[in-house]
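Peer 1: Next up is a structure, given as structure tokens.
The values are calculated or read from the model by the stated rules, or taken from the named source; none is laboratory data. Note that this is a predicted model, so its numbers are computed, not measured. Glycine also receives a Cβ, built like all others from the backbone with ideal geometry; neighbour counts cover every protein chain displayed. Surface areas here come from the heavy atoms of the whole protein model, side chains and all, with no ligands, DNA or RNA. Shrake-Rupley method; radii C 1.70, N 1.55, O 1.52, S 1.80 Å.
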Amino acid sequence: MIVEDKVEARFGRIRMCVIKNAEDQTLLKAIQSMVSVGSIIRNDQHKSYSLIKEHYYEHKPVAKVVHKLGEDNTPLVQKVASLFKRWLLGTHQGGMEPLYIPSYLYEYTFRFNRLKSKSRDKLLFDRKSN
């Protein structure tokens, strides 16, 4: 899951995809498909993010040290993940099929990114073939 930093006191756009594992090459391919080169990437200090700097991304790992109860160092990602889970439970009543998870991610991403859109083209579903 990728979440842009807040823009004008609200979330930026999000990107989500299914990955088969958390190995460095897998994460790098996912990041390259969703993030522009030269972007700043903040994430936990997982060792699989080691290749990011070599591919022209600025990497700023965030320590997972919690000083106060309820404090979170990656609040945007945690908030979007929480909203996604709530949407799945509300929309699909917990009846999710693993085969359709990429479709659920695509639909949620589309809906989330167009919430505050003023552009008419973002009000219609993307008609590309999957």
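Peer 1: Mind counting the residues in region 1-60 that are of a type in the set (D, E, K, R), part of a strand (DSSP E or B) and open to solvent by 80 Å² or more (accessible area, probe 1.4 Å)?
Peer 2: In the first step, residues of region 1-60 are kept if they are of a type in the set (D, E, K, R); the result is 4-6, 8, 10, 13, 15, 20, 23-24, 29, 42, 44, 47, 53-54, 58, 60.
With part of a strand (DSSP E or B) added as a condition, the list becomes 15, 42, 58, 60.
Add one more test, that the residue is open to solvent by 80 Å² or more (accessible area, probe 1.4 Å), and what stays is 42, 58, 60.
Final tally of qualifying residues: 3.
Peer 1: So, one more: Give me the pairs: first residue in region 50-63 and within 13 Å of Q32 (Cβ to Cβ), second residue open to solvent by 60 Å² or more (accessible area, probe 1.4 Å) and of a type in the set (V, I, T), beta-carbon distance under 6 Å, and six or more apart or on different chains, which are they?
Peer 2: So the pair list comes out as Y56/V37.
Peer 1: Please verify whether S103 is at pLDDT 85 or above, open to solvent by 50 Å² or more (accessible area, probe 1.4 Å), assigned to a helix (DSSP H, G or I) and within 13 Å of M1 (Cα to Cα), treating the condition exactly as stated. Break it down stepwise before answering.
Peer 2: Values: at pLDDT 85 or above: yes; open to solvent by 50 Å² or more (accessible area, probe 1.4 Å): yes; assigned to a helix (DSSP H, G or I): yes; within 13 Å of M1 (Cα to Cα): no.
Spelling it out, it is not the case that S103 is at pLDDT 85 or above, open to solvent by 50 Å² or more (accessible area, probe 1.4 Å), assigned to a helix (DSSP H, G or I) and within 13 Å of M1 (Cα to Cα).
Peer 1: To continue, here is another question. Anything in region 80-111 that is over 15 Å from V18 (Cα atoms) and among the aliphatic types (A, V, I, L, M)? List them, or say none.
Peer 2: Of everything in region 80-111, those that are over 15 Å from V18 (Cα atoms) and among the aliphatic types (A, V, I, L, M) turn out to be V80, L83, L88, L89.
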